[in-house]
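Undergrad: I'd like to ask some things about the structure below.
The values are calculated or read from the model by the stated rules, or taken from the named source; none is laboratory data. Here the structure is a predicted model, which means the values were calculated and not measured. No Cβ is skipped: glycine too gets one built from the backbone with ideal geometry, and neighbour counts run over all protein chains shown. Accessible surface areas use protein heavy atoms only, side chains included; no ligands, DNA or RNA. Shrake-Rupley method; radii C 1.70, N 1.55, O 1.52, S 1.80 Å.
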Amino acid sequence: MTEENLINEKALAFAERIYKLSSYLKEKKEFSLADQLLRSGCSIGANLAESIFSESTEDYIHKLAIARKEGSETSFWLRLLHRTGLIDEALFKSFKQDCDELQRMMTATMKTLKLKLVAVNI
């Protein structure tokens, strides 16, 4: 499996978990937080999927940057859910670990691509 496929699969699995957590939050009548979490958490994978058909390396990096920002927002919502007691420590750590892994993968890919762009332009 290529790195691109791996990150897309991980993002899809993360989005599925986010969807289930959002559904749980809606059962608890936490509609606003559920919607915010669902939007940002699923947007990571959606932006990664969109990046597959980027028009250039720069465009690909830009789409990764957007996905990474959505990951940062998702991390915020997860921290808020944990601090307010809507999710317990174990669930928070599990989600946070997955989110952080996606962030690291996107950052590493962006760094590699930026270095390649610099090398090509020398």
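Undergrad: Does Ile61 meet the test of being open to solvent by less than 50 Å² (accessible area, probe 1.4 Å), within 20 Å of Thr112 (Cβ to Cβ) and within 14 Å of the chain's Cα centre (by Cα)? First the steps, then the outcome.
TA: On the way: open to solvent by less than 50 Å² (accessible area, probe 1.4 Å): yes; within 20 Å of Thr112 (Cβ to Cβ): yes; within 14 Å of the chain's Cα centre (by Cα): no.
Answer is no for this residue.
Undergrad: One residue is enough: does segment 115-122 have a residue meeting the conditions out of contact with any strand residue (DSSP E or B) (no Cβ under 9 Å at 6 or more places or on another chain), farther than 24 Å from Lys29 by Cα and of a type outside the set (A, V, I, L, M, F, W, C)?
TA: Initial filter on segment 115-122 (out of contact with any strand residue (DSSP E or B) (no Cβ under 9 Å at 6 or more places or on another chain)): 115-122.
Subsequent filtering for residues that are farther than 24 Å from Lys29 by Cα retains 115-122.
Now narrow it down to the ones that are of a type outside the set (A, V, I, L, M, F, W, C): 116, 121.
So far as segment 115-122 goes, yes, one or more of its residues are out of contact with any strand residue (DSSP E or B) (no Cβ under 9 Å at 6 or more places or on another chain), farther than 24 Å from Lys29 by Cα and of a type outside the set (A, V, I, L, M, F, W, C).
Undergrad: Of everything in segment 92-102, what is within 30 Å of Lys29 (Cβ to Cβ) and in contact (Cβ under 8 Å) with a residue 24 or more places away in the chain? Give them in sequence order.
TA: Within segment 92-102, Phe95, Asp98, Cys99, Asp100, Leu102 qualify.
Undergrad: Taking the conditions exactly as written (over 13 Å from Glu4 (Cβ atoms), over 9 Å from the mean Cα position of the chain (by Cα) and surrounded by fewer than 19 Cβ atoms within 10 Å (Cβ to Cβ)), does Lys96 satisfy them or not?
TA: Numbers: over 13 Å from Glu4 (Cβ atoms): yes; over 9 Å from the mean Cα position of the chain (by Cα): yes; surrounded by fewer than 19 Cβ atoms within 10 Å (Cβ to Cβ): yes.
Considered against the rule, which asks whether it is over 13 Å from Glu4 (Cβ atoms), over 9 Å from the mean Cα position of the chain (by Cα) and surrounded by fewer than 19 Cβ atoms within 10 Å (Cβ to Cβ), Lys96 comes out as yes.
Undergrad: If you don't mind, another one. As an exercise: evaluate Arg39 against (1) farther than 11 Å from Thr74 by Cβ; (2) among the charged types (D, E, K, R); (3) surrounded by 14 or more Cβ atoms within 10 Å (Cβ to Cβ) and give the number of the one condition it does not meet.
TA: Condition (1) is where Arg39 drops out.
Undergrad: Has segment 6-20 got at least one residue that is exposed (fewer than 14 other Cβ atoms within 10 Å of the Cβ), within 10 Å of the chain's Cα centre (by Cα) and of a type outside the set (Asp, Glu)?
TA: The answer is no; no qualifying residue exists.
Undergrad: Something else about it: Quick check: is even one residue across segment 47-56 surrounded by 14 or more Cβ atoms within 10 Å (Cβ to Cβ) and in contact (Cβ under 8 Å) with a residue 40 or more places away in the chain?
TA: Narrowing segment 47-56 to residues surrounded by 14 or more Cβ atoms within 10 Å (Cβ to Cβ): 47-51, 54.
After this cut, where a residue has to be in contact (Cβ under 8 Å) with a residue 40 or more places away in the chain as well, the list is 48-49.
Yes, segment 47-56 contains at least one residue that is surrounded by 14 or more Cβ atoms within 10 Å (Cβ to Cβ) and in contact (Cβ under 8 Å) with a residue 40 or more places away in the chain.
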